[in-house]
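Structure record follows, encoded as structure tokens.
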Amino acid sequence: MHPYLKKLLNMENKIFEHSIENRMVGFKLKPADLVWEKVEKRIQKEKKRRVLFGWIFLGMVMAGVGITFFNSHENEFQPTSSSAISTPISNPKIEAYVENHQPSFDTENELNQLQQTVPIVSESRKKQVFQQDDIDVERSNFVSNEIDHPVSHTPQENSINTANIDRKVVSAKPQGVDIIIIRECEELGINSSAVSSESVNKNIFDRQWNFNTHYSFHGTGDLSGTYIEFGYEKKLGKRYGFYNNIGMSIHSGKESFSSNNNASQLNARYNAMQYVTTGIQTSPTFYRYSKRGDVKIGAGMVARYQTSSTPSRYSISPQPATPGIFLTSIREMEPNSFSLGYKISVELHLLSIKKTDLGFQLFFQNDTRGDVITGFGLSLQNKFKKQD
Amino acid sequence: MKKRSCSKKILKGMILGMIAAFLQLQGYSQKSKAVRFPERKIGLSIGFSHHQKQSIGGVFIEAGHEVKISKKLSLYNNFGFTMHSGIDPKHDMVVPSISSLRLQDPSFSTAAFRFVTAGIQTSPTLFLKLKSDKIKLGFGPLLRYQTTSWPSDYEFNLISTPTTTRTLYYTNYSIKQIQRHALSGGGRMMIDVHVAKIKKFEARATCSYQVDSNGDRLAGLGIKLQRSYVKLP
């Protein structure tokens, strides 16, 4: 590069740095009452915490595990030091927002706008604000960890030493950054304390394995039994999910006429017929979750293969030689067959332990063979995130 | 003064040594944590099954989870479902030809009773890997609940009643003994043979034989589809 050009660029850099410096030096923020209250609370908490951490730190040094403390201090202190700073770390929504609102040179304009919108506070408050400067400057170190690098992405970036400017911008506007984040939290309607691990988990785990066991009825309650299902559920957006499964049902019951007859019960040599109906089915289901996610309603298709020992046409007649004993004459059996149908289910969330959920489920299904199967039971769900 | 500075140096050296040792330990523990993730597999088996006691065929479906516990051993826990059905063999022996009987009694109709047996079972199986995981040999206890329509003692009768014009026929079943529901314990033996593997998915041919305290003997032959994964801490 030509030496003259180099000189010119250096001069430009210096002028640019000076202009930024001049603007930043005189920069002071006047936070609103609401904002100030929040900041004040945080500062008080932080002071108490500092004393505690100091003692812990001393203890740790004496024990010779200062290094561990250093690591954990970073991990523990960051999320709890200030609600405004911790929320962007734990909540992807805010994190994304903070990334988009890094303190670039455009931030200046935002701060100016903010200055205009925020009402002027009393002199005593002003003093209080700047008595806390030393604390805030320290806090800015945390902020700078996150917002060091992407400060400027203008075309001039290549020709100027941005590192110095970054530091100046960050150190000059620690409160500005905090307040922006607080404001954004408020705008997004997110209370830092309300951002619980549960809600974060809900966002992280978008898939789950389900294991459902039900007490079930076949027909109009003639046969009772169980229905067991293994399934895989995937969330589609916030309120919808798709659930695929394979299920097995076992229903059984005695032949009702002869088993209800007192004479046949007295005669132990003879038994009523036992009818067993069993089936394998799959029912891809679309779920819609409630706003809170504790209730979900599903509807889907059913493809079912069923085998049954229940005759479709039969008669019962008394045995001529032994009165009181009934004999069953089977005329026609139901064939083993495939059928299609629909299934509706409702699930109520009961409890969660770590990644495992327990729910109460009700279902109703009907198919082309005319079979109606109903059931209620428990659903055990293990949430996970797809590994790459 | 010299002594003091010497002791200071020693103390400094000790502290630095402790820190270095601690850091090394920490690094080691992280490494060992990373290595210690056991291989896990989740899978579904499906196949044909034969209920040897009742001489009826059917299918089995099983969902299982396998955890590698050592180089040669893995523990396979599962939850399975069996479904068998077949028609009563006595019926066809007693009524050889329905059409010939219908010539004499056009209103005659009969059907063989279908025996349906369904069971739910679990059998934690210990697999021994042979030939570098190509073949796996497994043994384990079995807990099974079964419901059946198969009577262990029954009569099937073809009764003919001659009238003045023709002979009337009808059939009936008389059930003498039946064990409707049974909860039994037993054992199961399995052989898994590697068939194919694509990325995390593996297909294996599976063969099993089980015996339980109810006297039921079930043989199964099917395919097992497994997906391997690593459980993150």
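The values are calculated or read from the model by the stated rules, or taken from the named source; none is laboratory data. Keep in mind the model is a prediction, meaning the values are calculated, not measured. With ideal geometry, Cβ positions are generated from the backbone for all residues, glycine too; neighbour counts draw on all protein chains shown. Heads up: the accessible areas ignore ligands, DNA and RNA and are worked out on the full protein's heavy atoms, side chains in. Shrake-Rupley method; radii C 1.70, N 1.55, O 1.52, S 1.80 Å.
Please check: in the Gaussian network model of chain B (C-alpha springs, under 10 Å), which one of B:TYR76, B:TYR170, B:TYR209 has the largest mean-square fluctuation.
Among B:TYR76, B:TYR170, B:TYR209, the largest GNM mean-square fluctuation belongs to B:TYR170.
Largest first, what is the accessible-area ranking of B:SER208, B:SER160, B:SER97 with a 1.4 Å probe?
B:SER160, B:SER97, B:SER208
Taking each residue of A:249-255 in turn, how many C-beta atoms of other protein chains fall within 10 Å of its C-beta, and what is the average?
If you average over the peptide's residues, the count of other-chain Cβ atoms is 4.
What order do A:TRP55, A:TRP36, A:TRP209, B:TRP150 take when sorted by accessible area (1.4 Å probe), most exposed first?
A:TRP55, A:TRP209, B:TRP150, A:TRP36
Could you tell me the accessible area of A:GLU255 in Å² (1.4 Å probe, neighbours in place), rounded to the nearest ten?
0
Length gain on complete extension for the stretch A:PHE360 to A:ASP222, per 0.36 nm per residue less the alpha carbon to alpha carbon distance?
47.3 nm
What relative contact order, as a whole-number percentage, does region B:117-213 give when Cα pairs under 8 Å and 6 or more residues apart are counted?
Computed value for region B:117-213: 28 percent relative contact order.
Using a 10 Å cut-off around each Cβ of peptide B:61-71, what is the average number of partner chain Cβ atoms that fall inside?
Average neighbour count from other chains, rounded to a whole number: 1.
Explain nothing, just compute: Karplus ³J(HN,Hα) = 6.51 cos²θ - 1.76 cosθ + 1.60, θ = phi - 60°, for every residue of region A:336-350 in order, whole Hz, x for Gly and Pro.
With the stated coefficients, region A:336-350 comes to 5, 8, 8, 8, 10, x, 9, 9, 10, 9, 10, 10, 10, 6, 9 Hz.
Quick one: how many Å² of A:VAL295 are accessible to a 1.4 Å probe, rounded to 10?
Number for this one is 50 Å².
At a 10 angstrom cut-off on C-beta neighbours, averaged per residue, how do the peptides B:219-225, A:238-244 rank from highest to lowest?
B:219-225, A:238-244
Can you bin chain B into rounded, prolate or oblate? Criterion: square roots of the alpha carbon gyration tensor eigenvalues sorted a ≥ b ≥ c, rounded for a/c under 1.5, prolate for a/b above b/c, oblate for the rest.
Prolate shape, in that a/c is at least 1.5 and a/b is the bigger ratio.
Using the alpha-carbon atoms, what tilt in degrees (0 to 90, nearest 10) does helix B:2-35 show relative to the longest principal axis of chain B?
Once rounded, the angle reads 20 degrees.
A:ASN10 to B:ILE19: FRET efficiency via 1/(1 + (r/R0)^6), r the Cβ-Cβ distance, R0 45 Å, to the nearest 0.05?
Taking R0 as 45 Å, the efficiency between A:ASN10 and B:ILE19 is 0.50.
Among B:PHE127, B:PHE115, B:PHE139, which one shows the biggest mean-square fluctuation in a GNM of chain B, springs joining Cα atoms closer than 10 Å?
Evaluated over chain B, the most mobile residue of the options is B:PHE115.
Expected output is a single nm value to one decimal: the length gained when fully extending between B:LEU126 and B:ARG227, i.e. 0.36 nm times separation in residues minus the C-alpha distance. What is it?
Length difference between fully extended and current span is 34.5 nm.
Among B:8-16, A:299-307, what's the highest-first ranking by average C-beta atoms within 10 angstrom per residue?
Those peptides, ordered most packed to least, come out A:299-307, B:8-16.
Between the DSSP loop rule and a limit of at most 13 other Cβ atoms within 10 Å, which trypsin sites (Lys or Arg not before Pro) in region B:112-157 are left?
B:LYS131, B:LYS134
How high is the relative contact order of chain B, given as a whole-number percent (alpha carbon pairs under 8 Å, six or more residues apart)?
Answer for chain B is 20 percent.
How much length would be gained if the chain were fully extended between B:VAL67 and B:LEU158, taking 0.36 nm per residue of separation minus their Cα-Cα distance, in nm to one decimal?
27.1 nm
So which of B:LYS53/B:LYS136; A:LYS355/B:LYS68; A:LYS386/B:LYS41; B:LYS41/B:LYS199; B:LYS131/B:LYS231 end up more than 19 Å apart by C-alpha?
Those over the limit are B:LYS53/B:LYS136; A:LYS355/B:LYS68; B:LYS131/B:LYS231.
On average, how many beta carbons from a partner chain sit within 10 Å of the beta carbon of a residue in A:294-306?
Mean shielding by partner chains, rounded to a whole number: 0.
Using a 1.4 angstrom probe with every protein chain in place, what is the largest-first accessible-area order of A:LEU340, A:LEU8, B:LEU218?
Ranked from most to least accessible, the order is A:LEU340, A:LEU8, B:LEU218.
Have a look at B:PHE81, B:PHE60, B:PHE113 and tell me which one the Gaussian network model of chain B (Cα, springs below 10 Å) gives the largest fluctuation.
Sorting by GNM fluctuation, first place goes to B:PHE113.
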